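Below is one structure, written out as structure tokens; comments come after it.
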Amino acid sequence: MASCEMQEGRRAPSPALGLFLDTCQRCLYLGVGYLIVWLFWLVPLALRIAGPTPPADPAYELAQSGMAVVVLSAVVSFAAVGCVFSWMYDRRAVQLYGMIPLRRRSIFLATVLAGVIPLLVAVGIAGLVFAAALGFGRDAAAILPWMAGHALVIVTFGGIDALCVQLAGRPVFALLCYLLVNFYAFAARQFAEALYSLVAPSVSLASVAELWASPLIRLVQLVSSWATAFPFPVSNLEAALTQALVIYAIVGLACAVLAMLAFSRRNLERAGDAYVSATVRTVVNALVSILIGLAAAELVLSWLLSNRYGIPARMAAVLYGVSPQLACVLPVVFSALAFAILEAIMGHGVKALRKRVPALAATTGVALVASIACVGSAADAAAYVPNPVDVQRAAVSCVSVPFEDEKGVERVTQLHSTLMGSPCSGDEPVPSNIYSEMISYQMKDGTSISRQYAIPLNSDGEPSAGSKAAQALMDFARDPATEEALRSQVDAVLLDAGLSSVTIAYEEYAPDSQEDAPWRSEEILPADYAALRNALNQDIDEHGAACAMLLYQLTTSLYDSAGTYQYSTTTSNSLGATVDTPYLASVSLSSATPDEDSVGTTIYLSEGATPHTVAWLRSRYGYEFVAR
């Protein structure tokens, strides 16, 4: 009788706790495996730190595992959460779980915690073993930030996967959603940039904004940068990584909340279907189709260019250009085709497309908008020439002189317009070499713009007689205004020693050496600026802007006799000016003010263009220069 009263006084175990413990037991192998993986790395590291020759910084050694922490956590979190919710894909198991006397939200919490907590416990045990191996001393404290960051990463990917699992009815489609969340923005930007580069090959893409829409990629980038710079701590990198970990952990928790709401309204009879609703199916198929459309368009355009001209697609785009209209249409066509194929496969036949016409139209419309945004911006950037009034400083690579006055900037913009409007004709034979010309602007609003153009050269490394672009460059270099700009820059640097820097870079003269001699860089003393200015002015009076022209041009060979793409260096007369005995040496003149960036001019030494400067350097410093 007393035994019965005691049994009646006991509280029955909570069904939620029982579900949690049972689920943990079923997926315990993942937590144990995760623990073993990290113990295999942490225990030897702890023994090495405690040994006779410990590493300089234990925190640095732990930081090197940052990439592995992010990637392994993403993989194992998906496996763990997918494992604990695997019953949702089985119609029989769904019926059994539906009989549990718990609310949907309680079932979800018990299940998702069973997937995440074993991993967090594994991280805690691994950190505890590491600290114990070090006797819980000062070096052991380095494991605490590692454990905290590790836990935040697990929470992030566990929450994201919980939402992906609730949107799909099969594991493979849950995996697809998980991959889209972590990689889609990055992949879409890569394909869009590739298409952009074909339409506007002259445009140098500036650094883009941080890609927060792809959590895995963003964390890998941050952790990689932080771990690389860790011996020399960079506060902004560490702060950015901490901020990202916290933000993504909050996002993971928000995804878990959304997943709980989705689970509470989920039709469990949809187990085994691809997705829980037609809306999710449409969105996922549309995103995948647009990505396929961008990739296919870039591949087809590259194939057409390389097949037609027999050279790499990027080089063909530089020389001959790409039709913006074709580049805009192809992504739309391929996106619509990919969406139709996916729907036909999932609908078990082409007849299923009749009910999916609105979704197909919506996908085509989104693809059209994305294509116009990508190709349209590329075409606009390729055709853009800045207004001289908005330019602070302009530079042309053929003459190493910055142009800061409005007239000089206007001359650069005129040259820019000429180069932009002088593409190769498709009927002309493919050139064997090219000369690359870079035009760059520093705008008054702080931004910078750069454009690169290619001028075809013949087998001797010289431009064709009728090349408008080559003639424009020659005229620009020979213009007296260019000479005056060079003279003004020399005076501005050498007459103001307080804010100037003059260095000479040269290959060390070693006549008996069989190997390439090292390069040296030395400063010219401010006391010698006046004498150097006199020598340079004499050379400018006699040879003009040739002093600042890199006449030893680097040209790009498009292909060799076997049809292989290669680079080659020639001593060709690419701009119609020749000098005697060019040297492997140059003098850099730069000036800077506290509010401005450094402004520099490079004088390329040779017996033909700078004989007075070479003679003065030899007599004053005893330099011996190596001829090219």
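Observations, loosely collected:
- Modelled spin labels at residue 414 and residue 253, positioned 7 Å past Cα toward Cβ, are 6.4 nm from each other.
- Over the stretch 283-352, equivalent-ellipsoid semi-axes from the Cα gyration tensor in Å: 31, 11, 9
- Ordering of 474-487, 376-389 by burial proxy (mean other Cβ atoms within 10 Å per residue, highest first): 474-487, 376-389
- Full extension of the segment from residue 481 to residue 50, taken as 0.36 nm per residue of separation minus the current Cα-Cα distance, would add 148.2 nm.
- Computed over protein heavy atoms with a 1.4 angstrom probe, the accessible surface ordering of 100, 36, 455, largest first, is 36, 100, 455.
- Ordering of 343-353, 249-259 by packing [mean C-beta count within 10 Å, highest first]: 249-259, 343-353
- Full extension of the chain segment joining residue 541 with residue 323 gains 73.8 nm, where the gain is 0.36 nm per residue of separation less the Cα-Cα distance.
- Each principal axis of the Cα cloud of the stretch 93-218 was taken in turn, and the coordinate range along them, longest first, works out to 60, 54, 19 Å.
- Ordering of 403-415, 68-80 by packing is 68-80, 403-415, highest average first (other Cβ atoms within 10 Å, averaged per residue).
- Solvent-accessible area per residue in the stretch 317-450 equals 48 Å², computed with a 1.4 angstrom probe and all protein chains kept.
- Amide N proximity, the stretch 140-156 versus residue 246 label position 7 Å along Cα-to-Cβ, cut-off under 14 Å: 149, 152
- Each label point was placed 7 Å from the Cα along the Cα-to-Cβ direction; for residue 346 and residue 261 their separation is 2.2 nm.
- Every Cα-Cα pair of the stretch 339-496 was included, and the share exceeding 22 Å stands at 59 percent.
- Summarising the overall dimensions of the stretch 29-154 from its C-alpha atoms, the Rg and Dmax are 18.2, 61 angstrom.
- Full extension of the chain between residue 75 and residue 41 gives 10.4 nm of extra length, using 0.36 nm per residue less the Cα-Cα distance.
- Largest to smallest accessible area among 247, 439 [probe 1.4 Å]: 247, 439
- Simple spin-label estimate for residue 383 and residue 138 in nanometres, 7 Å along Cα-Cβ: 6.7 nm
The values are calculated or read from the model by the stated rules, or taken from the named source; none is laboratory data. Bear in mind that the values here come from a model prediction, so they are computed numbers and not experimental data. Virtual Cβ from ideal backbone geometry, glycine too; neighbours counted across all protein chains shown. What goes into the accessible areas is simple: the full protein's heavy atoms, side chains included, and nothing from ligands, DNA or RNA. Shrake-Rupley method; radii C 1.70, N 1.55, O 1.52, S 1.80 Å.
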